[in-house]
Each structure stands twice: as C-alpha cells, then as structure tokens.
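For reference, the structure discussed in these notes is given below.
Taken together, the values in this text are just the output of simple stated rules run on the coordinates, not laboratory data. Bear in mind the structure is a predicted one, so any value in this text is a computation, not a measurement. Every residue, glycine among them, receives a Cβ derived from its backbone with ideal geometry; neighbour counts consider all protein chains shown.
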Amino acid sequence: MSEQVPPTTQTEAEAAAEDADAEEVAASSAGTGAASVVTALENAGVEYLFGVQGGAIMPVYDALYDSDLNHVTMAHEQGAAHAADAYGIVSGDPGVCLATSGPGATNLVTGIADASMDSDPMVALTGQVPTDLVGNDAFQETDTTGVTDPITKTNYFASDEDTVGDVVGEAFAVADEGRQGPTLVDLPKDVTQAETDRDPGEAETSDTYNPPEEADEAAVEAAADAISAAEKPVILAGGGVIKGEATDELRAFAREYEIPVITTMPGIGAYPEDDDLSLEVAGMHGTGYANMAITHCDVLLGIGTRFDDRLTGGVDSFAPEAEVVHVDIDPAEVSKNVHADYPLIGDAGRVIDQLDDELDRRPDPSDRYAEWRDEVQAWKSEYPMDYATPDDEPLKPQFVVEVLDEATGDDTVVTTGVGQHQMWAFQFWNYTEPRTWVSSHGLGTMGYGLPAAIGARLAADDDQSVVCFEGDGSFLMTIQELSVAVRENMDITVAVLNNEYVGMVRQWQDGFFEGRRMASEYSWCPDFAKLAEAFGARGFTVADYDGVEEAVEAAVDYDGPAVIDFHIDPEENVFPMVPSSGKNGRFALQAEHLEQL
C-alpha cells in the first residue's frame, strides 16, 4: 500500500501572489484598445449599436460582451448603416454602426453615402487587418479610409491603442456638432487587441473645430431690410431646421410675420402641414401651390437647405423674381447652387432669432403680406392634392396612405424606401412634428425603408407608432432585415405599395422614353404576406378598398412586425411633376401635360 501524500499547503503569500496575478490578467484583458473603444461609446451616451460580426472587428465585439450597450445584429451591413442613420434622424444623436474589414466595410458604403448626402449624424466603426499587413492585400483588406473619405465629414485610421478611445470620442462629437454628418474610425485588429492603461475622455471635438453660431450683424440687418420691404415673401425650410433644433424658432417667426412656409423633403415636419401658412413640399413632386409660390415670390428666406436639383429644377429659372436670403451653418453650401443675395452663416435657430430681433425694430410688415397670402390660398384651391377612385380601377395608393395616417397618431414616425411610394407617402400623409419623416433624399437609396424602421423604432418613444412604406422593388432589396424586426419583436407596420413595377422608372419610361419599359416590369412577384409569415411576422394581402381599413387596423394593433401587401393600380403615376431641370411653375398634373412642358 502506497503512502498517501498530504495535499500541498498554500502559504498566504503564495495565495496573495496568485490573486494579484489574476487581477493583473483581468486588468490586462479589460485594458485593451477595444475596451477603450467601448468606453468611449459609453462616455458619449450611446445606447444602441447596429452591426454585423466579423474577424477584424471581433475584438471590439468581445469588449462589448461585458458592456451595457445594446447591440442589434443586422442581416446585412447596409441595413446596419441605414438603421444607424434613421436612429440619428429620429433621436437627433449620432447612430452607430459596426462592420468588419473588407466586404463588411464596403457594404456600409451605401449607408454612409446616404447619411452624407442628407447630413445625418452617424458613426461607423470598421475592423481592419493588423497594421503590419495594411497595404499587402491581406485577407479582407480594403482601404476603408480611402474609400469613405469623400462621403464622411472626417475619418480616422486608428494607429495607437493608447489614443483609439479618444479618436472614437472625437468622431462621435464631430458627427454631432455643426452641420451633422457621418464619421468613420478604421480599427486595425492589432490596435484593438493591444493592451493599454489609458482611459478615454469625454467625446469632444478638437480645438480647431468651431462651427459658426451667429451670422454677421451687418448681413442680418441687410436681410431684415429685404424681408421688411418684401411684398411676396416665402420661407423655405430645409432639413437643417430640424437638425439644428430650430423648429420652434421657425414656427414662431412664420406666425409672427404671417409668412407662408414651404419645406424641402428633408424639412418635412419642420412646420405643421395642417397650418394655414403651410404650402407643404416644393420641387419635382411637390405641391402645385408651393411651386407657384416659389415662382412668384419676391423674397425667399431659405433656412438649412442646400437647394438641390430635385427642389430647384432648372437653377436659372428657380425663384426668378426673388432676392434670396440663405441661412446655413455650412458656408460651403451658400451660393453653391443658388446665388444668395443675403448670405447668413450660422446656427439656424440663432439666426432666426437675430432676424426676429432686427424685424422688431421695423414696422410690422405682416399686414402688407395679406394680399400675397390670399394669392397663395387661391393656388391651394386651384391645384389641390386630390385623386380619383373610380370603381372600375384598382386600389389607389394615395387612399392607402391616408387610411394609415388616420389610423395612427400625429407623432407616428414614417420611414420609406425610394420610388413612387416615397412620393405618395409625403404627399398624402399629414406631418405636424419634426423627426417623424425618415427617408433617403439626396442619394435616393432603394431598400432604405425597412432597416430605417428598425433604427427609428429604437429611437422613438414607446408610445409612438412606426410605419414603413415600401414599394415591391424597394422592399426586395433589404427584405432580409425583417428577420431582425421579428427577432427583436419590434412593433413596426410595413405597407408595401405593390404595383409589380419599379414604378418610378416605369413612369419616366412612359413619360420620356416613349413607353419603352426596359427592366422595369416584374413578370412575377413573391407573395409578401406569406413571406412575412415565413419570417415570423404577421402578413396581410389587400387588393380592394373594402379590405384596407380592416387590414390596417389589425396590423397597427398587432404588437410586433406586420406586413400588408397592398396590390395597387399598376398604372398610377405620381403628380404633380416638374420634369428634370424644368421650371417649378410649369408642372404636370397628369401624363398628358408632360408633352406640353
């Protein structure tokens, strides 16, 4: 029988040494570049992240494991970018998306470009191959900062684990301050894996970043003189009014001086459309009365708008009788497209207050505008936004939009893809609040609506409804994100305005290409209701007027994602319409009018 050996007795000193070693290991695993990235996001007040895992970004995801940040795993990186974009639009704070290197990063590009065109606040974090492999065409390597340089406010290649957290914090602050927009930080894997004992500070911009706040006093005085002397003034409110949190100032100013208000598409919600002074949206598919007001005004006060071609039509014919006052925080936008007679560089709300203070020193001009207001109201009567619903024709999409509007609250957030459905969604929904319209404007990205609804759902209040309008073609581009809405049990109602066409392309082919419908017709389209059920959502199919209200009520009441496949009139077109580069005051109200323009 062998001798039994007693267990080894551990001294107190040895036990203490082991504990110290364990603490050192824990500290070193927590004190990495990746952990610093996560701390920087927490310091910035980030709550939600949207992303897709992958090799080069994996250290950051590993650091998220012990974080309280909420990560939403998307089905595709493009969806992650659109969700983050929409989150930023609704919340006002930058949304955050993550992707790995190579294809992960390039899949974000469409969403980053979209945010850049619309000045939406967003931060993209991309993994990158280790620094010693950069430039060697390593597996899943892409020059991400080079690719995204033209479509970000700024981007960064993080080269030091001690400063990477501060870089992420600065990227967040830059995305949010001044003219909002996307930023990107490229994160080499060796940097995020390396140990560091540096804690990042609060999110802040560099000392050299100083966007203007107040406009030059002499310029404000001159602009106020022009507005005071005007006979036919209009206000054109762009997306910068909403992003600059200046809707209260705009509304008070317009009502004090009783000046009619037009919005751009990104500016929808800046001024309530049920107000008598509202002329709603101008531009290619804007209201006839808004376009008439632009054509005949003598002073146009543009606030937070870049005067893009979808708004102006032909620049030479835009607001031909008007002196232009242009308020913008970005001097690069002033006189870029439309010459500004009175450039006012500064924060939208602050500059509106400056103008108000100056106008208070002058006789009240609002009574002199009365005849102009009557003229504008006459245009509203002459060019109403209405449509016919003949019994012998299929379901009209405008009717669907109006029923969904009536079934939901005034603060409902509407997201859309891009196409005819997008136009009907802004034309026939009544918007009264800012940050309730979420769409792709400058880039015109099909498939934007569903992933945007996911981001909007998380940014919106719990008691706000979220409705997504999609076309059949647009919906098919990102339909996989429905899996995310189901997995996360998101209360979203998706209305597919299904005409079995790429509808806006078909409309242009009919109007300008002699009806040659090349690659715009779908000979077969999936059953979207059954597809929704396969994903785990509720699915409905509606093909006539009698079924619209019942399906809408059931979908809106359902606590989770629901999809309604509305089979609409395939030949329905979007009007009014100003042809590309045309005159705003010469718009078509029906297809036959296009031949006369």
When the dipole is taken about the Cα centre of the range 160-245, and only Lys, Arg (+1) and Asp, Glu (-1) are charged at their Cβ, what size is it in debye, to the nearest 20?
700
Test of understanding: extend the Cα→C-beta vector of K530 to 7 Å, then name every residue of the range 549-571 with backbone N under 20 Å from that spot.
562-568
Using the crude model of +1 on Lys and Arg Cβ and -1 on Asp and Glu Cβ, and no other charge, please compute the dipole size for the chain relative to its Cα centre, in debye to 20.
2100
Could you pull out which residues in the range 366-386 have an amide N less than 11 Å from a spot 7 Å beyond the Cα of Q596, following the Cα-Cβ vector?
none
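Regarding the range 217-382, what whole-number volume in Å³ per residue does the convex hull of its Cα atoms give? Write down the numbers at each step before the final one.
Numbers: hull volume 15.6 nm³, N = 166.
Enclosed volume per residue, from the Cα hull, is 94 Å³.
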Compute from the Cα atoms of the range 397-575 the Rg and the Dmax, the latter being the longest Cα-Cα distance, and quote both in angstrom.
15.1, 49
For the chain, whose charge dipole is built from +1 on Lys and Arg Cβ atoms and -1 on Asp and Glu Cβ atoms, the candidate among A293, G169, Y257 with its Cα farthest towards the positive end is A293
Taking amide H positions as placed in the peptide plane 1.01 Å from N, state which residues far from M122 in sequence (5 or more) or on other chains have amide H under 5 Å from it.
G95, G181, T183
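Out of all DSSP beta bridges in the chain, what portion is antiparallel? Express it as a percent rounded to 5. Walk me through the numbers before you get to the answer.
Numbers: 3 of 67 bridges.
Antiparallel bridges make up about 5 percent of those DSSP assigns within the chain.
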Can you match P(r) over Cα pairs in 10 Å bins from 0, in percent to one of these, [x] 3, 14, 19, 20, 18, 14, 8, 4, 1, 0; [y] 3, 14, 21, 23, 19, 12, 5, 2, 1, 0, 0; [z] 3, 16, 24, 23, 17, 9, 3, 2, 1, 1, 0, 0, based on a calculation from the structure here?
[z]
What number, in percent, do you get for the relative contact order of the chain if the mean sequence gap of Cα pairs under 8 Å and at least 6 apart is divided by its residue count?
13
In whole angstrom, note down how far apart the Cα centers of the range 343-405 and the range 220-255 are.
13
Förster-model FRET efficiency, 51 Å R0, Y545 and D68, C-beta, rounded to 0.05:
0.55
Take peptides 129-142, 245-258 and line them up by average Cβ neighbours within 10 Å, highest first, as a rough protection proxy.
245-258, 129-142
Where the only charges are on Cβ atoms (+1 Lys, Arg; -1 Asp, Glu), what is the dipole of the range 27-193 about its Cα centre, to the nearest 20 debye?
280
If you stretched the chain out fully between D137 and E245, how much longer would it get, using 0.36 nm times the residue separation minus the C-alpha to C-alpha distance?
34.4 nm
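Ordered by packing density, taken as the mean number of other Cβ atoms within 10 Å over each peptide's residues, highest first, how do 187-200, 532-545, 484-497 rank?
Numbers: 187-200: 20.2, 532-545: 17.8, 484-497: 22.9.
Averaged packing, sorted descending, gives the order 484-497, 187-200, 532-545.
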Residues whose built amide H sits under 5 Å from the amide H of T32, excluding neighbours closer than 5 in sequence, are T196
Towards the positive end of the charge dipole of the chain, with charges on Cβ (+1 Lys, Arg; -1 Asp, Glu), say which of N498, S159, F307 has the farthest Cα.
N498
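List the residue ranges in the chain for DSSP H helices whose C-alpha atoms run 20 angstrom or more along the long axis and whose Kyte-Doolittle average is -0.5 or above. Kindly include the intermediate steps, with their values, before the conclusion.
On the way: long enough: 12-30 (27 Å, -0.30); 77-91 (21 Å, 0.07); 103-118 (24 Å, 0.29).
The qualifying helices are 12-30, 77-91, 103-118.
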Counting each DSSP H run of 4 or more residues in the chain as -39500 (n - 2.57), what helix-only mean residue ellipticity at 222 nm follows after dividing by all residues, to the nearest 500 deg cm²/dmol?
-11500 deg cm²/dmol
What order do you get for 405-411, 55-61 when each peptide is scored by the mean count of other beta carbon atoms within 10 Å, highest first?
55-61, 405-411
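What FRET efficiency comes out for S335 versus A218 if R0 is 22 angstrom and r is the Cβ-Cβ distance? Round to the nearest 0.05.
Values: r = 17 Å, r/R0 = 0.79.
The value I calculate is 0.80.
Hey, what did the range 27-193 get for relative contact order, percent, Cα under 8 Å, at least 6 apart?
Values: 379 pairs, mean separation 45.2, N = 167.
The value is 27 percent.
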Residues whose placed amide H lies under 5 Å from that of T541, excluding near-sequence neighbours:
D565
For the pair Y558 and D276, what calculated FRET efficiency results from E = 1/(1 + (r/R0)^6), where r is the Cβ-Cβ distance and R0 = 41 Å, to the nearest 0.05?
0.65
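Remind me, relative contact order of the range 217-382 in percent, using alpha carbon pairs under 8 angstrom and six or more residues apart?
Numbers: 315 pairs, mean separation 46.5, N = 166.
It rounds to 28 percent for the range 217-382.
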Going 7 Å from the Cα of E321 along its beta-carbon direction, which residues of the range 275-312 have the amide nitrogen within less than 11 Å of the resulting point?
293-299
Of the listed links K153/K189; K153/K232; K153/K530; K243/K583, those spanning more than 32 angstrom between alpha carbons are K153/K232; K153/K530
